[in-house]
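Okay, so here's the structure we're looking at.
Only the coordinates and a few stated rules stand behind these numbers; no lab work does. All values reported here derive from a predicted model rather than from experimental measurement. So basically every Cβ, Gly included, is an ideal-geometry build from the backbone, and we count neighbours across all protein chains shown.
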Amino acid sequence: NFAYKIWNEVDLAAAATAKGSALAAADVIEALRLPAGTVVLAAGAVKSAALTGTSVDLTFDIGTATDADQYVDGWDFDAAAVGSSATPLGVQLARTLDVSDTLDITIATQTGTVTGGKVKVWAVVADISTEQRGAIAQPKS
């Protein structure tokens, strides 16, 4: 069993196209599928392309359906520099997934319109779907 990083780059223009209308506050964008049988150790996001459009107040929460801001709360995306990371929300507790889940971007606030921009959402997960019995140390006699 080992830990590994999974990630996906979300294109905000493509998200608006998929929605069929402009992005708005309270929209939820599925960013990353989390596999069953894993433990999520940490998650976050990096701004990978500049925001385009007229929005001057765009903030994101990043989390799951059960806790929308479990990993990031109120990241000021429009003010963030390309290449900068979202500030994680305090101490991130590991979360065991018995069934698959998603890591989502929730648009917490937005003014104006968003016509583009990209964000890379990532998670570090550990596979616990298989069991391995460890060796028991024997004291020397």
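Take the Cα gyration tensor of region 1-67, multiply each eigenvalue by 5, square-root it, and list the three semi-axes largest first, rounded to whole angstrom.
One finds semi-axes of 26, 13, 12 Å for region 1-67.
Check LEU23: other-chain or 5+ apart residues with amide H under 5 Å from its amide H, H built from backbone geometry?
Placed amide hydrogens put VAL114 under 5 Å from LEU23.
Looking at the chain, how many pairs of lysines come closer than 28 Å at the Cα, when each pair is eight or more places apart or spans two chains?
Lysine pairs meeting the criterion: 9.
Mind checking the log10 I(q)/I(0) for the chain at q = 0.09, 0.10, 0.11, 0.20 Å⁻¹? Debye, one equal scatterer per Cα, no solvent, two decimals.
-0.31, -0.37, -0.43, -1.14
From the P(r) of region 34-113, could you give the percentage of C-alpha pairs in the tail past 19 Å?
Value for region 34-113: 39 percent of Cα pairs lie more than 19 Å apart.
Local charge sum around ASP69 (other residues, Cβ-Cβ under 11 Å, Lys/Arg +1, Asp/Glu -1)?
-4
So what J values fall out for region 48-61 if you push phi through Karplus, 6.51 cos²θ - 1.76 cosθ + 1.60 with θ = phi - 60°, rounded to Hz, Gly and Pro as x?
So the J values, rounded to whole Hz, are 9, 8, 5, 5, 10, x, 9, 5, 10, 8, 10, 10, 10, 10.
Report the gain in length on full extension from SER129 to GLU30: 0.36 nm times residue separation, minus Cα-Cα distance, nm rounded to one decimal.
Fully extending the segment from SER129 to GLU30 adds 33.3 nm.
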